[in-house]
Amino acid sequence: MGLKPDHWIRKMALEHKMIEPFADSQVRNGVISYGVSSYGYDIRVANEFKIFTNVYSAVVDPKHFDPQSMVDFKGDVCVIPPNSFALARTIEYFRIPRNVLTVCLGKSTYARCGIIVNVTPFEPEWEGFVTLEISNTTPLPARIYANEGIAQVLFFEADEMCDVSYADKKGKYQKQQDIVLPKL
């Protein structure tokens, strides 16, 4: 299994619609960068957010997640309260090939501000908009800029095809179109 360079990412995006929309080069003028990088792709965050709130004193339970724990927000700048988090989705839609696995890491511009982006790996044959978890680890409110870079996806191509892909096992987050809350 090997890390894939920019020319492989371009080929897969253009020939196999692996990433749509696709920025063929790094865009950085006046924005937090996005697009193709040396060995990855910097994804953008859409302008739709679900911000965690404790208004109803709910308990966070991944088996029985209470949607009232989240407040919907749409806009170009999302402010995440101190020591809280928001869910968002990518602008880009992904179609991961059967022999590819991705790892997604937050961009250093946000990390240096105490803002951590968490995403699980995109498994072979997973497809959809990515739901992002954005944590504000600081004691201050934090701004997130919609339509700009938020994290970098690294692509790893396997030497062999997997026996069971995400599509084969009918994964519960397959082909998600919106921000998806935890499911059991």
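Nothing in this text is a laboratory measurement; each read-out follows from the coordinates by a stated rule. Here the structure is a predicted model, which means the values were calculated and not measured. Note that we place each Cβ from the backbone using ideal geometry, even for glycine, and neighbour counts take in every protein chain shown.
Things worth noting here:
- Computed from Cα positions, the angle between helix 6-16 and the longest principal axis of the chain comes to roughly 90 degrees.
- DSSP-assigned coil residues among trypsin sites (Lys or Arg not before Pro) in segment 1-81, each with at most 15 further Cβ atoms within 10 Å: Lys17, Arg28, Lys63
- Over the chain, Cα pairs under 8 Å with separation of 6+ residues give a relative contact order of 28 percent.
- Computed magnitude of the charge dipole of segment 42-161 (debye, nearest 20; Cβ of K, R +1, Cβ of D, E -1): 460 debye
- Pair Lys11, Asp24: separation of 7 Å Cα→Cβ label points (nm): 1.7 nm
- Amide N of segment 123-156 lying under 17 Å from the label point, which is placed 7 angstrom from the Cα of Lys170 along Cα→Cβ: 126-127
- GNM remark for the chain: springs join alpha carbons under 10 Å apart, and the peak mean-square fluctuation among Met12, Met70, Met161 falls on Met161.
- Helix-only CD estimate at 222 nm, as mean residue ellipticity for the chain, using -39500 (n - 2.57) per DSSP H run (n ≥ 4): -2000 deg cm²/dmol
- Links that overshoot a 31 Å alpha carbon limit, given the list Lys11/Lys50; Lys11/Lys183; Lys11/Lys169; Lys11/Lys74; Lys17/Lys170; Lys17/Lys74: Lys11/Lys50; Lys11/Lys183; Lys11/Lys74
- Loop-resident trypsin sites (Lys or Arg not before Pro) (DSSP state other than H, G, I, E or B) in segment 77-168 with no more than 16 further Cβ atoms inside 10 Å of their Cβ: Arg98, Arg112.
- Each 10 Å bin from zero up to the one holding the largest Cα-Cα distance in the chain carries the following percent of pairs: 10, 36, 35, 17, 3.
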